[in-house]
Each structure stands twice: as structure tokens, then as C-alpha cells.
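Everything below concerns the one structure shown next.
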Amino acid sequence: MKENTNEKYLIFKDRYFILALCFILFGIIIILQLVNLQIIHGKEYDEASQRRVVKERKVIAARGSIFDRNGIPIAVNRQGFTVHIVKTDVDSTEFNEILLRLANILEKNNDTYSRQINKYLTFNPVTFNGRSWDEIEKWQKNEDILGLKDDELIEEPEAVFKLFRDKFKIDKEYSDEDAVKIITLQYEILLDKWKFDNGGSICIAKNVRPETVAEIEEKHHLLSGVITDIEPIRKYIDAKPVAHVLGYVRGITAEQYEYLQHEGYNKNDIVGQSGIELAAERYLKGNDGMKKVEVNVSGRLTDELFGKPAVPGNDVVLTLDMNLQKVAMESLERNINLIREMGGKNNFGDADAGAVVALNVNSGEILAMGAYPGYDPAVFIAGADDKEAQKAIADLNDPDNKLTSEFNRAIAGTYAPGSTFKPLAAIAALEEGVITPKTPVYDSGKVNIGGKD
């Protein structure tokens, strides 16, 4: 009985000794690691952690709002998330992996990113996107793109794709599908390489979902140089009835950038393309600001220093009365449809369009003006992933489509003056003495023109 008790005690003692030994070994390992981190490499790690870079970051100015005469908002702004890339201390291999991760996050959350390369080169299948050879030749010769000489020009789009793979040092292990994503984002940087190399940020995606921002922030350790920001985004409020007057905004075109770059515009700006948005562009556009920020080696913001605040654009107040505008447009559409569907031998069923204008006769102010068919300006600020919006834009460019149109017949159409010209003719006749206020004029009530009374 005593021997059994001693055996149990010895076994317990051996286990205690082994456990104590394990603790001692773990302690030694931890101490050695602390010595390595704090003493041997302490200065090196401390310098790396304290390394900060001061960079300038643009602050986008909010576009001025547009109101009707009664202060009803038609075009305003909302806050939207954007994704940018800044240069960090990573090699090309790691940078390509970061771009691929970013593209996959955006696509997973149904967000789109800039694809300016698609203007010339599209994928699946690889083509030159219907561009003429002169355009492709000029593009390939561009020093900022490929910088090819006359004897180096490439006629096969697949070979251009391969050249981009080599140019951006995309590993052969990447599939063509993944390579396309990397090339697409690398191309955005290539278009503004000087800005990128000098500490500026390149906007990759706009109006992204909060889920995307959350995932990017959560995985920031895997996305060195990827930052998120907030920018004002145009928003239209029930603007379809006033579309032709209001117009719309889109990204600046190459032609617009040519003459607007000297006025402070850059390649990523949003500008008015028609209507009031275009006519009042210089008033609506604000002055962008600039802030100096402190970032770490991963490109993440650590401190905001100082800078110049953005100045919002001026608001524009129209003479239009939106309540009257809606009534006028509803009446115009209703009566056009009524005339088209109406029977009768003189009805050719071709009443497809019309215009309406209502003026204040005392001041000349335009209270309502519009044309039918119209369109919804909001489709132009929708994301590229919005299939309905993209279809609506395609329909606008379809000459056979009679349901929507950008053509403002109220001011751009050429029509016979009709009965509105009669008072002018009468006034001229009175002034020249051809008639007097008492001269009788026979009116049968109708005139036959082209087989129609």
C-alpha cells in the first residue's frame, strides 16, 4: 500500500517537473525574442515604425446645387466613398498582388473600377475596340503608354496584351483573367504616372459601397497603398420632367480636358455636358482644396496636418417653376399620345414628339420649358454596373428609338412659325398702311396643305 502511494507521488512529481520545464523553455523563447526585437533590431524597427511621409491630398469641392424659382432642389450633392492608390515601398510582384486583391474585393461587392484601357483595348476576346489603325498607332506611340517606334507597332491585339503583361511585370503564374484585372488598374496609374511617383493618389473607383470600404479597411495590412476617402457625388431629384433644361454631368472627355486643364481641371473631374450643367459650369464648379497629411510606409493616414479648404461651387436658381413644369410635361405627353392614337383620315399617326414653353409675358422669364420624348439625367451618374442605366444611355444613342431623346426641340428644333407669326404679319401690314384696323379679311377656317386641312 505504501509503495503504491510513493509511485503515484513520483509520477506526479515527474509531471510537475515536465510542466515546469515547458514553462521555463517558453519563457526563454519569449525573452530571446524580446531581446531580438528590442535590443538587437530595436533601433531598426523603431525607425521603421516612426517613419512618416508628408503628402498632399486633393479635397474635391462640392458642385453648386440647382433650384427652381421656389427653392425646390433639382440637382444637389451627396457623400460617396472613393478608393485611391498611393505609392508605397513594395516591389512590382507584391504591388501586382495588391492590385489583384483590390480588384477582387470590388468585383465581389458589385463595385466597378476605372477601365480607361477599354477605350483602346478590350478583353474576352482581346480586340482594339473598333478603333481605326490611325488611333491605335497614335496610342501605341504615346510616350506615356507604350512609346513604340514606327517599326515596333503591333497590329495584333493579343500581342499588345502580352506586351502589357511584360511591361507591368505580371508573373506567368497569373491567369489571363487575373492579368486583365492587374493591367486595367496598372493602366490607370500609367495615365498619371508623374502624379503617382510624386506622392499623389490615383482614383481607382468612385461611389463604392460601404461594404467595400469596410473590407478594405479590415484588410489594410494586405492592401498597402490602398486608401479610401469621401467625395461629393451629384444627385438629381425628380429631374426627368426638366431634363432638357437641366442637362447632366459626366466624366471629362479628352477634348474637354484639352482646353479645361488650364482652368484647374484634371482627368478625373466631373463636368457638365449639356443644359444648365454645361452653360453654368464655371459657376457650379467649386475650387478644390488641398490638405497635407502624414502617412506611414503603408500609405495609411496617421495624422492630418494643415491645408487649403475646398470652396463649394455657387448655387444656381432657375426661373422655372417645377410644379408648372411637371404639369406642362404631363400634358404634353398625354396630348401627343392622344393625337397619335386618334383616328381620322387626316391623322397619319406620326405625332411622336413635341415641345412646350410657358413665359411670363411681363418679364420674359421662362416658367416651363421641355420637350418630348425626354430622358432621365440620373442615368449618367449611375455606376457602370447599373445595367438599366447603361441600357437607357444606349437607347438615347439609338437613332431608331422614339421613346427617349436628348434633343431639346423647344430651343434647337427648326419648325414653321405657324399661327404665332400671324400677329407679326398683321402689325407689319398696319405699319405699312396695307390694311387698317377695319379692313375685313375672309377666313374659311381652314387651309389645305399636303392633303391635310
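The values are calculated or read from the model by the stated rules, or taken from the named source; none is laboratory data. As the structure is a prediction and not an experimental result, all values here were calculated from the model. Backbone-built Cβ (ideal geometry, glycine too); neighbour counts: all protein chains shown. All accessible areas refer to the heavy atoms of the entire protein, side chains included, with ligands and DNA or RNA removed. Shrake-Rupley method; radii C 1.70, N 1.55, O 1.52, S 1.80 Å.
Among residues belonging to the stretch 24-59 that are at pLDDT 80 or above and open to solvent by less than 50 Å² (accessible area, probe 1.4 Å), point out the one that is nearest to the chain's Cα centre (by Cα). Only one residue tops the list, namely Val59. Within the stretch 143-162, being under 27 Å from the mean Cα position of the chain (by Cα), surrounded by 12 or more Cβ atoms within 10 Å (Cβ to Cβ) and more than 14 Å from Thr122 (Cα to Cα) holds for Ile145, Leu146. Working only within the stretch 211-230, note down all residues that are open to solvent by less than 70 Å² (accessible area, probe 1.4 Å), in contact with a Ser or Thr (Cβ under 8 Å, 6 or more places away or on another chain) and either among the aliphatic types (A, V, I, L, M) or in a loop (DSSP other than H, G, I, E, B) (or both). Listed by number, the residues that qualify are Val213, Ile216, Ser224, Gly225, Ile227. Looking across the stretch 358-415, the residues that are more than 21 Å from Met329 (Cβ to Cβ) and among the charged types (D, E, K, R) come down to Asp385, Asp386, Lys387, Glu388, Lys391, Asp398, Asp400. Entry remark, the stretch 170-228: residues being closer than 24 Å to Val59 by Cα, in contact (Cβ under 8 Å) with a residue 12 or more places away in the chain and not hydrophobic (A, V, I, L, M, F, W, C) number 20 in total. Within the stretch 231-286, being more than 30 Å from Ala355 (Cβ to Cβ), at pLDDT 90 or above and either under 12 Å from the mean Cα position of the chain (by Cα) or open to solvent by 30 Å² or more (accessible area, probe 1.4 Å) (or both) holds for Glu231, Pro232, Ile233. Each residue in the stretch 71-88 was checked for being open to solvent by less than 50 Å² (accessible area, probe 1.4 Å) and in a loop (DSSP other than H, G, I, E, B), and 3 of them qualify. The condition of being of a type in the set (Asp, Glu) and either farther than 18 Å from Arg209 by Cα or open to solvent by 70 Å² or more (accessible area, probe 1.4 Å) (or both) does not hold for Asp111.
Number of residues in the stretch 89-108 that are surrounded by fewer than 17 Cβ atoms within 10 Å (Cβ to Cβ) and either within 22 Å of Gly307 (Cβ to Cβ) or among the β-branched types (Val, Ile, Thr) (or both) equals 2. Give the residue, chosen from Thr404, Thr319, that is touching a helix residue (DSSP H, G or I) at 6+ places or on another chain (Cβ under 9 Å) and hydroxyl-bearing (Ser, Thr, Tyr). The match here is Thr404.
Across the stretch 129-136, not a single residue is classified as under 26 Å from Ile233 (Cα atoms), out of contact with any strand residue (DSSP E or B) (no Cβ under 7 Å at 6 or more places or on another chain) and modelled with pLDDT under 95. Of the residues in the stretch 374-382, not one is at pLDDT 80 or above, within 25 Å of Asn337 (Cβ to Cβ) and open to solvent by 90 Å² or more (accessible area, probe 1.4 Å).
A quick yes/no check of all residues on (1) touching a strand residue (DSSP E or B) at 6+ places or on another chain (Cβ under 7 Å); (2) under 18 Å from Leu121 (Cα atoms); (3) open to solvent by 20 Å² or more (accessible area, probe 1.4 Å); (4) modelled with pLDDT under 95:
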residue	(1), (2), (3), (4)
Tyr174	no, no, yes, yes
Glu188	yes, yes, no, yes
Leu191	no, yes, yes, yes
Asn198	no, no, yes, yes
Ile202	yes, no, no, yes
Ala205	yes, no, no, yes
Arg209	no, no, yes, yes
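Quick one: would you say Lys438 is open to solvent by 70 Å² or more (accessible area, probe 1.4 Å), at pLDDT below 80 and not hydroxyl-bearing (Ser, Thr, Tyr)? No, not satisfied.
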